[in-house]
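Novice: The structure follows.
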Amino acid sequence: MASEGVPIRRVGTTPIEMCAKCGGPVDMSEFHLAYLEDESKIEGLFQARTVSLDYLAVICRQCRPLTLADSRSFVVDTDSDEAIEQLDEMVVTNPD
């Protein structure tokens, strides 16, 4: 977070939170970018149980617009208006 210039500004439970960078509004009911810290317990080969989860910060679209490169770090709902441009051209490969 520090290398990206994002300070820790924990969010609450309100529908509109404050962007950690500019202080602008972030609608938490819409897709948004967030920095999280979690503690998980491994319970099996492909299973983990989240013990605790803490939102460290949220970022508005003006401070961090979505790019095609972001598609590797989250799931994109292509049925919504939040789809990333050029998604149709993206090729997903399995590194294994």
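Novice: Label-point separation (nm) for SER52 and GLU37, each offset 7 Å from Cα along Cα-to-Cβ?
Specialist: Roughly 0.9 nm, to one decimal.
Novice: Just the C-alpha atoms of region 2-65: what Rg/Rh do they give, with Rh taken as the Kirkwood radius? List each step's numbers first, then the result.
Specialist: On the way: Rg = 13.8 Å, Rh = 12.9 Å.
Ratio value, two decimals: 1.07.
Novice: Once you list every other residue whose beta carbon is under 12 Å from the beta carbon of GLU4, what net charge do they have if Lys and Arg are +1 and Asp and Glu are -1?
Specialist: Numbers: positive: LYS21, ARG64; negative: none.
Once positives and negatives cancel, what remains is +2.
Any read-out appearing in this document is the output of simple, stated calculations on the displayed coordinates, not a laboratory observation. What you see is a predicted model, and the numbers here were worked out from it, not measured in a lab. Cβ sites come from the backbone with ideal geometry, for glycine too, and all protein chains shown count toward neighbours.
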